[in-house]
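Below is one structure; the comments refer to it alone.
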Amino acid sequence: MNRIFDITLKDLMQILRNRMTFLFLLLMPVAFTLLFGLAFGGSSQPSDTRLPVGLLNQDGGLISADLHTLLASSTVIRLDTTPGRTATDLSALVGSGKLAAAVVIPSGYSQSVRNGSPLKLGFYADPSQASTATVESALLAASNRLAGAVRTAGIAANMTNDPAAFDPALAQALDAWQNPPIKLSITSGISAKLQNQNIMSLAQSSPAMMIQFAIAGLLTAATVIVNERKTRSLQRLLTTSITRFQILLGHYLAIFTLIFVQFLLLMLFGQLLHVDYLRVPLATLLVALVTAVCIAAMGLLIGVLAKSDEQAVVFSLVPMFVLSGLGGAWVPLEYTGAAFQAIGHVSPVAWALDGFKDIVARGLGFSSVLLPCAALFGYALLFFALALWRFQRVSE
């Protein structure tokens with residue numbers, strides 16, 4: 001292990017002697033974070049910060065339609081009624097963090113409410129999420145309001161002894177609910193935090209520029225490995241008892257350490273700009289750790305593939321531009337169509353951004369970052385395996 005750490009320390013000292021390293025790793029991402037954040041924050045239209053909630057109406061009756069209307073008018077939740085989805089689909093979307101919760105109105109709901117014994121609504125949510133209580137409160141308020149209006153309409157129909165009077169009375173009661181003398185607005189702390197559009201823009205630009213310039217910084221790390229071969233230091237190392245795997249691992253740890261420290265410093269800077277990385281600290285730390293693992297493996301592969309300094313430049317900058325642009329670092333994938341979003345997730349940058357933004361922008365919890373972290377770890381294994389395979393062939 002000492003030999004591995006010796007290589008790691010040697011690489012770090014060699015990298016940090018270059019003043020351009022500080023420029024790429026810290027100054028450039030800070031400058032571009034402010035540039036992109038202020039640009040989009042000043043020009044973008046206010047976004048809908050309500051919590052996304054899926055709705056599946058299996059009933060089709062008048063009262064279930066009224067419940068739909070009440071939920072749609074909520075200031076806290078935003079209904080997603082995409083056609084063709086099943087209850088299983090909604091459950092999966094909630095599990096992946098795409099929806100804060102989901103509601104299923106069962107068949108026969110309207111008649112059961114009218115009879116005074118309403119069927120239970122299907123509700124899918126993650127109890128560990130802070131947003132779940134907010135959605136439950138909004139759903140309870142809407143269902144109670146509807147139940148009260150139904151009781152009022154029933155009384156009116158009974159008093160007039162005219163069943164046909166029920167529907168008009170229900171409409172009047174619901175209209176009265178919409179315009180009460182006193183209004184109580186339910187807001188969540190999560191929603192309130194997202195109202196500032198400048199902070200929302202920084203929540204996109206801060207992790208995006210952090211990831212992009214971590215990839216750009218691989219240029220310096222790759223050059224170290226290239227120079228090791230050019231100066232024949234690698235050949236001399238191979239004459240000792242150290243193995244090829246240990247050499248590669250030493251280089252990898254140096255790149256990983258550099259990127260992870262960069263992430264910690266830039267997240268601290270983002271926190272000062274009110275990008276709430278510390279809202280779920282363990283989730284943020286896990287995303288930063290796995291992203292650094294992935295990018296370091298990519299840097300290792302670039303260093304092994306490049307045969308000259310010129311190739312190291314090309315192999316570092318081209319992935320930065322391609323993967324960053326494709327992965328949503330410049331324009332959020334949420335602003336694009338479903339097809340481009342699917343293509344964009346070929347890039348590990350998209351998965352890293354999903355993980356960070358689930359915490360700082362979407363108000364989700366720890367479980368929401370597990371899928372992005374798993375994808376990033378898969379990319380890391382692929383890159384490291386390719387680097388190991390190539391390094392063994394090059395050093396033979």
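At a glance:
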quantity: Residue in the range 352-368 that is closer than 27 Å to Ala306 by Cβ and crowded, with 19+ Cβ neighbours inside 10 Å present; calculated: yes
quantity: Count of residues meeting criterion [part of a helix (DSSP H, G or I), touching a residue at least 40 places away in the same chain (Cβ under 8 Å) and hydrophobic (A, V, I, L, M, F, W, C)] in the range 361-373; calculated: 4
quantity: Residue within the range 254-268 that is more than 26 Å from the chain's Cα centre (by Cα) and assigned to a helix (DSSP H, G or I) present; calculated: yes
quantity: Condition met for Thr291 (closer than 20 Å to Phe32 by Cβ, buried (at least 21 other Cβ atoms within 10 Å of the Cβ) and β-branched (Val, Ile, Thr)); calculated: yes
quantity: Check on Leu382, at pLDDT below 95 and at negative phi; calculated: no
quantity: Residue among Leu234, Leu278, Leu282, Leu289 that is under 17 Å from Gln14 (Cα atoms) and either in the same structural domain as Gly365 (by TED's automatic domain parsing) or assigned to a helix (DSSP H, G or I) (or both); calculated: Leu234
quantity: Members of the range 244-273 found to be of a type in the set (Phe, Trp, Tyr) and within 13 Å of Ile15 (Cβ to Cβ), listed by number; calculated: Phe256
quantity: Residue count, the range 241-289 (criterion: free of Cβ contacts under 8 Å to residues at least 12 places away in the same chain and of a type in the set (Ser, Thr, Tyr)); calculated: 2
quantity: Residues that are surrounded by 15 or more Cβ atoms within 10 Å (Cβ to Cβ) and closer than 25 Å to Leu35 by Cα, drawn from the range 314-325; calculated: Ser316, Pro319, Met320, Leu323, Ser324, Gly325
quantity: Which listed residue, of Ile247, Ile242, Ile225, is over 20 Å from Gly378 (Cβ atoms) and not in a helix (DSSP H, G or I); calculated: Ile242
quantity: Test: residue in the range 323-338 that is within 13 Å of the chain's Cα centre (by Cα) and among the aliphatic types (A, V, I, L, M); calculated: yes
quantity: Some residue of the range 109-117 being within 23 Å of Lys357 (Cα to Cα), surrounded by 16 or more Cβ atoms within 10 Å (Cβ to Cβ) and either in the same structural domain as Gly97 (by TED's automatic domain parsing) or modelled with pLDDT of 80 or more (or both); calculated: no
quantity: Subset of the range 63-90 [hydroxyl-bearing (Ser, Thr, Tyr) and buried (at least 17 other Cβ atoms within 10 Å of the Cβ)]; calculated: Ser64, Ser74
quantity: Some residue of the range 326-335 being crowded, with 20+ Cβ neighbours inside 10 Å, in contact with a Ser or Thr (Cβ under 8 Å, 6 or more places away or on another chain), hydrophobic (A, V, I, L, M, F, W, C) and at pLDDT 90 or above; calculated: no
quantity: Test for Ala100: is it out of contact with any His (no Cβ under 9 Å at 6 or more places or on another chain), modelled with pLDDT of 85 or more, within 18 Å of Lys120 (Cα to Cα) and of a type in the set (A, V, I, L, M); calculated: no
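Residue-wise test of (1) touching a residue at least 24 places away in the same chain (Cβ under 8 Å); (2) assigned by TED's automatic domain parsing to the domain that holds Pro207; (3) of a type outside the set (A, V, I, L, M, F, W, C).
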residue: Phe321; (1), (2), (3): no, yes, no
residue: Trp330; (1), (2), (3): yes, yes, no
residue: Gly337; (1), (2), (3): no, yes, yes
residue: Phe340; (1), (2), (3): no, yes, no
residue: Pro348; (1), (2), (3): yes, yes, yes
residue: Gly355; (1), (2), (3): yes, yes, yes
residue: Ala375; (1), (2), (3): yes, yes, no
residue: Leu386; (1), (2), (3): yes, yes, no
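The values are calculated or read from the model by the stated rules, or taken from the named source; none is laboratory data. Since the model is a prediction, treat every value here as computed from it, not as a measurement. FYI the Cβ positions are ideal-geometry reconstructions off the backbone, even for glycines, and counts take in every protein chain you see.
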